[in-house]
Amino acid sequence: MNTRTQFRCGERGGILLTAVVIGGVLGIAIVAALSLSSFHNQTTVRSGVWNKALVVAEAGVEEAMAQLNRSSGTWNANGWTLSGGQYSKKRSLGSDWYLITITTNTAAPVVVSTASVFLPTKSNRLARAVRVNTEAKNSGSGGMVARGKVLVSGTVRTDSFDSSNPAYSTGGLYDPAKAKDNGSLGTISTDPLSFELSGSAVVNGKIKTGTSAGLKIGSSAVAGSIAWTSDHANAGTAQPGWHITDFSGSFTNISFPTAAGTSTPGSGKVGGTTYDYVLGSDKYWMGSLGLSGAETIMVTGNATLIIDDTLRIGGSAGFHIAPGAKLTLYVRKSATVGGRGILNGTGNPANFTYYGGTENVLINYSGTADFVGTVYAPNARMELSGSSQFIGASFSNEIMLGGSFDYHYDEALGGGGGALIYQVTSWDEL
């Protein structure tokens, strides 16, 4: 006998309703799960893009700091443009990019880096910006500084003065009667015997080396305070505490400027005298420069001269920086300066700055005029000889100081090489 289950219409409707309800609940659950998964995915993607945007913005800050520290004030190089007192540059990184601005009309440059990163889940972009305040510090630590060997010989004498303080200068100029004992010399090299003091050389200041084994001092040479070096019994010694043995530093090459926006200097008359070249308040470019005979370059304004090859001065030729004028000189390759040398008529080392390019491996100065200025040439061997004086500060690869070529460090410069290193003082997200 067959038994068949009979459902009444009400029962059939109840089952169908139950199935529909269960299906609806499952559908809602599935939709909710998919929605939650999608939200989680969007949140994860957005979080990743948000973090990526900060990394991209920081990459812009790093490029800006590199530009400040490698271009030595010529900040319109390397693809940067100047407009309204701001240098700016945009760089693409695939589908992302950053825009950087450097504002230089404040006490110290301000960097703003804005990143724009593609947000794939929304097919639009996400932006994030940071602002960095900087401060400029001199790249050296006082006096003459080298990366490699320092040789001081002959009757060389070093000391210091302060052109900003009448107690330690006369009319802002070096006065031996007011000299101080901060005429320091140093090398960041850790090689043994990287500093040699010989002859009857006198260093009225500290000797700084990267290692305690860095100094060799001759029997007639001496280093220390003026009181110490004035006592003949101290010959052949460095005053205790005046030899620093852990000297260190880091220095970058400059970004050599191009000929863009420059002009070629020509002859002219100043005060009734005709000069072979006259430099006013402008940027000038020359392939190479050789002065001989009585050729003279007269600087009358705030001038920048870029020499794309070598500089040679001989005979009775030379530079003359007029009182109130200023010269910034770039030399790509070697510089050999004899003759009348470079006469800084202002008497202020801050009014003459020499920058050596990466190929500038030699600076030889034997001119009759005192060298009054600052030098930043991290690859150059700087040879100073004759009977002139170096008044200012320097940073070079090596220092050869001989003959009776005295050195007087101007403490008003605040540091070693005349070049500025910019450092971050604060970081804020906008």
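The values are calculated or read from the model by the stated rules, or taken from the named source; none is laboratory data. Since the structure is predicted, the reported quantities are computational estimates derived from the model, not experimental observations. Note: ideal-geometry Cβ built from the backbone for every residue, glycine included; neighbour counts use all protein chains shown. All accessible areas refer to the heavy atoms of the entire protein, side chains included, with ligands and DNA or RNA removed. Shrake-Rupley method; radii C 1.70, N 1.55, O 1.52, S 1.80 Å.
Among the residues of the stretch 323-340, is any surrounded by fewer than 19 Cβ atoms within 10 Å (Cβ to Cβ) and either among the aromatic types (Phe, Trp, Tyr) or over 19 Å from Glu383 (Cα atoms) (or both)?
Initial filter on the stretch 323-340 (surrounded by fewer than 19 Cβ atoms within 10 Å (Cβ to Cβ)): 323-324, 333-334, 336.
Those left that are additionally either among the aromatic types (Phe, Trp, Tyr) or over 19 Å from Glu383 (Cα atoms) (or both): 323-324.
Within the stretch 323-340, one or more residues are surrounded by fewer than 19 Cβ atoms within 10 Å (Cβ to Cβ) and either among the aromatic types (Phe, Trp, Tyr) or over 19 Å from Glu383 (Cα atoms) (or both).
Apart from one condition, Asp191 fits all of (1) surrounded by 15 or more Cβ atoms within 10 Å (Cβ to Cβ); (2) assigned to a loop (DSSP other than H, G, I, E, B); (3) over 24 Å from the mean Cα position of the chain (by Cα); the exception is (1). Within the stretch 154-203, the set of residues being farther than 25 Å from Thr237 by Cβ and among the aliphatic types (A, V, I, L, M) comprises Ala167, Leu173, Ala177. Checked against (1) assigned to a loop (DSSP other than H, G, I, E, B); (2) out of contact with any Asp or Glu (no Cβ under 8 Å at 6 or more places or on another chain), Val203 passes all but a single condition, namely (1).
Taking the stretch 237-261 as the region of interest, how many residues are at pLDDT 90 or above, polar (S, T, N, Q) and assigned to a loop (DSSP other than H, G, I, E, B)?
2
Of all the numbered requirements in (1) at pLDDT 95 or above; (2) of a type outside the set (Asp, Glu); (3) within 20 Å of Tyr409 (Cβ to Cβ), Lys206 misses one, and that requirement is (1). Of everything listed in (1) touching a Ser or Thr at 6+ places or on another chain (Cβ under 6 Å); (2) more than 30 Å from His320 (Cβ to Cβ), the single unmet condition for Trp228 is (1).
Quick check on the stretch 317-361: of everything there that is basic (Lys, Arg) and in contact with a strand residue (DSSP E or B) (Cβ under 7 Å, 6 or more places away or on another chain), which residue is farthest from Thr170 (Cα to Cα)?
From the stretch 317-361, those basic (Lys, Arg) are 326, 332-333, 340; that's our starting set.
In the following step, the residues that additionally are in contact with a strand residue (DSSP E or B) (Cβ under 7 Å, 6 or more places away or on another chain) were identified as 326, 332, 340.
On the way: Lys326: 21, Arg332: 36, Arg340: 24 Å.
The extreme case among them is Arg332.
Answer yes or no as to whether Thr106 is β-branched (Val, Ile, Thr), at pLDDT below 85, surrounded by 15 or more Cβ atoms within 10 Å (Cβ to Cβ) and out of contact with any Phe, Trp or Tyr (no Cβ under 6 Å at 6 or more places or on another chain). Write out each step before concluding.
Values: β-branched (Val, Ile, Thr): yes; at pLDDT below 85: yes; surrounded by 15 or more Cβ atoms within 10 Å (Cβ to Cβ): no; out of contact with any Phe, Trp or Tyr (no Cβ under 6 Å at 6 or more places or on another chain): yes.
No: the conditions fail for Thr106.
Being outside any loop (DSSP other than H, G, I, E, B) and within 25 Å of the chain's Cα centre (by Cα): is that true of Gly210 here? Judged against the criteria, Gly210 is not a match.
Examine the stretch 380-395 for a residue that is in contact with a Phe, Trp or Tyr (Cβ under 8 Å, 6 or more places away or on another chain), within 23 Å of Tyr284 (Cα to Cα) and either touching a residue at least 60 places away in the same chain (Cβ under 8 Å) or surrounded by fewer than 21 Cβ atoms within 10 Å (Cβ to Cβ) (or both), and state whether such a residue exists. Step through it out loud before you land on a result.
Here is the first cut: in the stretch 380-395, the residues in contact with a Phe, Trp or Tyr (Cβ under 8 Å, 6 or more places away or on another chain) are 382-395.
Filter once more, so that each one left must be within 23 Å of Tyr284 (Cα to Cα): none.
No - not one qualifying residue is present in the stretch 380-395.
Across the stretch 125-146, the qualifying residues are those that are open to solvent by 30 Å² or more (accessible area, probe 1.4 Å) and among the hydrophobic types (A, V, I, L, M, F, W, C), and the one among them that is modelled with the lowest pLDDT is Ala136.
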